[in-house]
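The values are calculated or read from the model by the stated rules, or taken from the named source; none is laboratory data. Predicted model, so just to flag it, every value in this text is computed and none were measured. As a convention, Cβ positions derive from the backbone with ideal geometry for all residues, glycine included, and neighbour counts pool all protein chains shown. For the accessible areas, the whole protein counts, side chains as well, though only heavy atoms, and no ligand, DNA or RNA atoms are used. Shrake-Rupley method; radii C 1.70, N 1.55, O 1.52, S 1.80 Å.
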2 protein chains.
Amino acid sequence: MKKLFSIVATLLLMAGAASAQELSNFNFGRGPQLVSPELKGDSVTFRLNANYATVVNICGAWMENPWGAGEPMHKGLNGVWEYTIATPAPEIYTYWFVVDGVKTADPLNVFVQRDGSNYLNMLLVPGERTENYGEATKHGTVSHRWYTSSILGLNRRLTVYTPYGYEENPKKKYPVLYLLHGAGGDEEAWSSMGRAAQILDNLIEKGLAEPMICVMPNGNPNQAAAQTLGLPQGEFDWRKPENRTLYVRSLCEEIVPFIEKNYHADAKPAKRAIAGLSMGGGHTIQASTLYPAMFDYICPLSAAGAMTAEDVAKLKKAGVKLYWLACGNTDFLWQGALDLKKVLEEGQMDNFEFYESEGGHVWSNWRLYLNTFAQKLFK
Amino acid sequence: MKKLFSIVATLLLMAGAASAQELSNFNFGRGPQLVSPELKGDSVTFRLNANYATVVNICGAWMENPWGAGEPMHKGLNGVWEYTIATPAPEIYTYWFVVDGVKTADPLNVFVQRDGSNYLNMLLVPGERTENYGEATKHGTVSHRWYTSSILGLNRRLTVYTPYGYEENPKKKYPVLYLLHGAGGDEEAWSSMGRAAQILDNLIEKGLAEPMICVMPNGNPNQAAAQTLGLPQGEFDWRKPENRTLYVRSLCEEIVPFIEKNYHADAKPAKRAIAGLSMGGGHTIQASTLYPAMFDYICPLSAAGAMTAEDVAKLKKAGVKLYWLACGNTDFLWQGALDLKKVLEEGQMDNFEFYESEGGHVWSNWRLYLNTFAQKLFK
């Protein structure tokens, strides 16, 4: 048996990539493999083997304008282009190469996130800021589940995180965080770019957050699921305000009951939290004003939205345990967030906290916010 | 409220991609968007905007040698490179561009699969062969779950498919298919490249397959999970036969009990099936010979492996309900599969079926095999 297994292994090795599809990921006979990105001492080096390219640039989230032309890489005699930076502050940075004008992924880096239709390589610089962004020792379960929305006329996908130990404790009731993405995102945005499963795993393992279920729906009323699935679009364009309201109705009248029926969820306002970024922050605000008694924890992130004194009074009456508003001080919505802060302060909203961070409308802030407010929920 | 939502939307639109990370997926002011790939009439056209590139090639799974240099694309006056083919036979084809020697994804195509560290665009040509590869109407749940392996000394991730209706029927017991990937793959290979969830969703919806749980573990004894998670490697190199045996032991002594404890699984040999491709076919054969009474359905795919007359006799005694061996007739393991067929036929294995397909060691065959044998299980 062992001998024949070895023969099979040898055959597999000999066959190489030419005819063996599952083997295309191996480095048969291609010589020592390059490393990119390489964190070494106080610097990071990026490399791309591109002997026939004329100009290779690199764009990265550490640059002042990552969406610009980028910085030139330098070609060595071996045909390998290199670019070295001083190690930036701890964070997850996305980056890409531009080969003769065409955006290209780093083929040497398996660490990838999806942003809409873009697959972007990541550089994780270790440090205190990122200590909860990598894999914890114990892992919750991340599921893609489908629910039926009569309001939107679609069978829709959502991502559900259940904490470590959930399945082994069927009688335990867990609190639920509803975590909403922004425009351009989908039901995988928080788990891919937001590192939600890693952040919750780490916080729960350290005893810094309560074990909780986290539900990440698709916030685009015209989508059944991420466009990567190729499903036909529904009829409700997200840019129309009345359709965003339909989504908020589906969230509160369909998704919340679906979760509370199908998971070991503690179906009390004190055990429900809602948080969302940008457009999802708008959803959060609207859900809190249309359904003031539903969520005791309300966290709009990098968002502006309309609230009246009456809305604040209704929320106070319902008994909000935490109203946590966060924004970056260079965000284009900063003034809108300050306006909302003013309404909440003038109405003397109970348990109101305003969290100001550096920077703008970016995932580095949204990961920071989740890592911060998740420690304040359900306590 | 509506008015302020519109203001926020306008702000978001004005801000554009420069500072708004969640918006990077939009096409603000970039003019009419190109389409690639475009299926139209009897042809498919691929397009890439690359005005500064010198040579752009395309490689695709419809070519005789997709791993070669590919075919040249042609540059139009607008800087867009094009390549048109007659629509190939219905199948899912992966493809990529090579821009001045550098492999590049098609930025216009959101339909992507992951093969190890490679993200590859897909072209799905509709037809009878592929009718179960797209999304069904009703969807099962796909989860990433973790189990502890004492044998391998790792906390390991596996992918679990539960069929539509599973959660609503907690008292129903479901049969379980253990579906194993090949060398170079991981616990997402079957759900990404193999379209396992779509195939099972469609077959179950059409009444062609029994509703079943499908467990897709990571078959590399040195991996806790796909390398995309960046976890440190374990100590057991997959290339050593004794380590492959350790994995098979973990599968049968740890994963099967874990699934049967944590899911509504029917824990009888008649309700257990095992199938695997290439290296996973080797695992399938070894699991069946080391644990002959465990699985009543055994399906090695594109695999060769050692079996003795005694092994066959033991399986016959245990009462196998289906032994389904499949291979492509140009596979480099074709002769090995024929050798195994001979041993099984000489031992007069009960319920033995040999399935010969065209082609070689490729995912188009493995999807076809799953779509075929899944209809024969648990009946």
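Just to be sure I understand: with springs between alpha-carbon atoms less than 10 Å apart, which residue in A:279, A:73, A:122 has the highest mean-square fluctuation in the Gaussian network model of chain A? Of A:279, A:73, A:122, the Gaussian network model singles out A:73 as fluctuating most. Note on the protein assembly as shown: with neighbouring protein chains present and a 1.4 Å probe, carbon and sulfur make up 52 percent of its accessible heavy-atom surface. Heavy-atom accessible area, probed at 1.4 angstrom with all protein chains present, ranks B:344, A:124 as A:124, B:344, highest first. Under 1.5 on a/c is rounded, so check that first for segment A:256-323, then, if it is not, pick prolate when a/b is larger than b/c and oblate when it is not; a ≥ b ≥ c are the square roots of the alpha carbon gyration tensor eigenvalues. Judged from the Cα gyration tensor, segment A:256-323 comes out oblate (a/c at least 1.5, b/c at or above a/b).
Using only the heavy atoms of the protein chains and a 1.4 Å probe, how would A:237, B:331 rank by accessible area, largest first?
Working: A:237 50, B:331 10 Å².
Accessible-area ranking of A:237, B:331, largest first: A:237, B:331.
With respect to chain A, whose longest principal axis is taken over its alpha-carbon atoms, helix A:363-373 is tilted by about 50°. Shape call for segment B:312-379 from the C-alpha gyration tensor, a ≥ b ≥ c root eigenvalues: rounded (a/c under 1.5), prolate (a/b greater than b/c) or oblate? Here segment B:312-379 falls in the oblate category. The overall shape of segment A:268-369 is prolate: from the C-alpha gyration tensor, with semi-axes ordered a ≥ b ≥ c, the ratio a/c is 1.5 or greater and a/b exceeds b/c. Coupling constants for segment A:280-285 follow from the phi torsions by the Karplus curve (6.51 cos²θ - 1.76 cosθ + 1.60, θ = phi - 60°), and in residue order they are x, x, x, 4, 4, 5 Hz; glycine and proline get x.
Quick check for you: with a 1.4 Å probe and neighbouring chains kept, what is the accessible area per residue of chain B, in Å²? Normalised by residue count, the accessible surface of chain B is 38 Å². Summarising the amide proton neighbourhood of residue B:328: residues at separation of 5 or more, or on other chains, whose placed amide H is nearer than 5 Å comprise B:302, B:357.
Under a 5 Å amide H cut-off, with hydrogens placed 1.01 Å from N, residue B:91 pairs with B:125 among residues at least 5 apart or on other chains.
List the GluC sites (Glu not before Pro) in segment A:33-98 that DSSP assigns to loop (not H, G, I, E or B) and whose Cβ has at most 10 other Cβ atoms within 10 Å. Which are they? Here the sparse-neighbourhood loop sites are A:64. Averaging the sequence gap over all C-alpha pairs within less than 8 Å and six or more residues apart, then dividing by the number of residues, gives chain B a relative contact order of 11 percent. The A and B chains share an interface that buries close to 7500 Å² of accessible area, total over both sides, probe 1.4 Å.
The radius of gyration of the Cα set in segment B:194-337, together with its Dmax, comes out at 15.9, 45 angstrom.
Principal axis extents of the C-alpha atoms in segment B:109-262 (largest first, rounded to whole Å): 44, 42, 23.
Rounded to the nearest Hz, the phi-derived 3J(HN,Hα) couplings of segment A:73-81 under the Karplus curve 6.51 cos²θ - 1.76 cosθ + 1.60 (θ = phi - 60°) are 8, 10, 8, x, 5, 7, x, 9, 8, where x marks glycine and proline.
Report which residues of segment B:343-362 become buried by 30 Å² or more of accessible surface when going from the isolated chain to the complete set of protein chains (1.4 Å probe; DNA, RNA and ligands ignored). SASA drop of 30 Å² or more in segment B:343-362: B:361. Within the assembled protein chains, the solvent-accessible surface assigned to residue A:369 is about 0 Å², based on a 1.4 Å probe.
For chain B, adding -39500 (n - 2.57) for each run of n ≥ 4 DSSP H residues and dividing by the number of residues yields -7500 deg cm²/dmol at 222 nm. To the nearest ten degrees, helix A:309-318 and the longest principal axis of the Cα atoms of chain A are 90 degrees apart.
Solvent-accessible surface, computed for protein heavy atoms with a probe of 1.4 Å, shrinks by 30 Å² or more for the following residues of segment A:159-183 when the other protein chains are added to the isolated chain: A:167, A:168, A:183.
Which pairs in the list A:261/A:317; A:271/A:376; B:268/B:317; A:171/A:321; A:173/A:261; A:261/B:172 are over 20 Å apart, alpha-carbon to alpha-carbon? Beyond 20 Å between Cα atoms: A:261/A:317; A:171/A:321. Counting only protein chain heavy atoms and rolling a 1.4 Å probe, the accessible areas of B:130, B:87 rank, largest first, as B:87, B:130. Note on chain A: GNM, Cα springs under 10 Å; of A:286, A:223, A:335, the largest mean-square fluctuation is that of A:335. Electrostatic bookkeeping for residue A:270 treats Lys and Arg as +1 and Asp and Glu as -1; over the other residues with beta carbon under 11 Å from its beta carbon, the sum is +3. Counting only protein heavy atoms, probe 1.4 Å: which residues of segment A:29-75 lose 20 Å² or more of accessible surface in the full assembly compared with their chain by itself? Buried-area filter returns A:52, A:67. Using a probe of 1.4 Å on the protein chains alone, the accessible area found for residue B:102 is around 10 Å².
Summarising the amide proton neighbourhood of residue A:226: residues at separation of 5 or more, or on other chains, whose placed amide H is nearer than 5 Å comprise A:187. Note on the protein assembly as shown: dipole from Cβ charges, positive end direction compared against B:313, B:130, B:142; the farthest Cα belongs to B:313. Scalar couplings 3J(HN,Hα) for segment A:246-255, obtained by applying the Karplus form with A = 6.51, B = -1.76, C = 1.60 to θ = phi - 60°, are 4, 5, 4, 5, 4, 4, 7, 9, 10, 6 Hz; x denotes Gly and Pro.
Here the Kirkwood formula puts the hydrodynamic radius of segment B:137-197 at 13.3 Å, using every distinct Cα pair. Measuring only protein heavy atoms, the 1.4 Å probe finds residue A:314 accessible over about 100 Å².
Within a Cβ distance under 11 Å of residue B:221, other residues only, what is the Lys/Arg minus Asp/Glu net charge? If you can, show how the numbers build up before the last one.
Numbers: positive: B:156, B:239, B:240, B:244, B:249; negative: B:235, B:237, B:242.
Overall, the nearby charge balance is +2.
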